[in-house]
């Protein structure tokens, strides 16, 4: 895995196209979900694919005190808010 930089553009909705080379390398297909995390270096995007899960990448950590259903409801609420913007 080389760490070459590539330039991408964000749309007005905050969408970005991942270059084909990286989509192939990380087995990202249409409809693939990803975990997005703010880090001191910037935005980290981890695709959640069966390939990644088998290798231990992109795993979601549960927040203490919340059930899976509560976490999912919160995720969907945040997703709707982002889409409405």
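So how do 10, 26 line up by other beta-carbon neighbours within 10 Å, fewest first?
Values: 10 9, 26 19.
By the 10 Å Cβ count, ascending: 10, 26.
In this simple spin-label model, placing a label point 7 Å from the Cα along the Cα-to-Cβ direction at both residue 24 and residue 48 gives a separation of 2.8 nm.
Values quoted throughout were computed directly from the atomic coordinates according to the rules given, and no laboratory measurement underlies them. All figures in this text were calculated on a predicted structure; none of them were measured in a lab. Glycine gets a Cβ as well: all are built from the backbone with ideal geometry, and neighbour counts include every protein chain shown.
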